[in-house]
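Undergrad: First the structure, which I've put down as structure tokens, then a few questions once you've had a look.
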Amino acid sequence: MNTTEALQCLRADKHGVVSFEYIIVAACIVAVVIAVFKTDTSISAALAGGITKISSAMAGL
């Protein structure tokens, strides 16, 4: 099967279209999360602090 045939099958397959839409949405979400963590260090600091507290509590068990 060559590339043209594969693309035609994907275009005709409704499940392929839905999964492709999910890939686009996931890529957009990843881009937004990266942008937020790159510009706002308070969120990453809060997450790091929370993880540290959780790991300290787990070590005490």
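Undergrad: Nearest 0.05, what FRET efficiency do SER19 and THR52 give at R0 = 35 Å with Cβ-Cβ as r?
TA: Numbers: r = 38 Å, r/R0 = 1.08.
According to the calculation, E is roughly 0.40.
Undergrad: Along segment 49-61, what does the Karplus equation 6.51 cos²θ - 1.76 cosθ + 1.60 (θ = phi - 60°) give for ³J(HN,Hα), rounded to whole Hz, x for Gly and Pro?
TA: In residue order, the calculated couplings are x, x, 5, 5, 5, 5, 5, 5, 5, 5, 5, x, 7 Hz.
Undergrad: Okay, next question. Classify segment 16-61 as rounded, prolate or oblate from the Cα gyration tensor: take a ≥ b ≥ c as the square roots of its eigenvalues, call it rounded if a/c is under 1.5, otherwise prolate when a/b beats b/c and oblate if not.
TA: It comes out oblate by the Cα gyration axes.
Undergrad: Can you tell me how much longer the chain between VAL32 and GLU5 gets when fully stretched, taken as 0.36 nm per residue apart minus their C-alpha distance, in nm with one decimal?
TA: 6.3 nm
Coordinate-derived values only; no laboratory data. Predicted model only: the values in this text are computed from it and were never measured. Every residue, glycine as well, gets a Cβ built from its backbone with ideal geometry; the counts of neighbours run over all protein chains shown.
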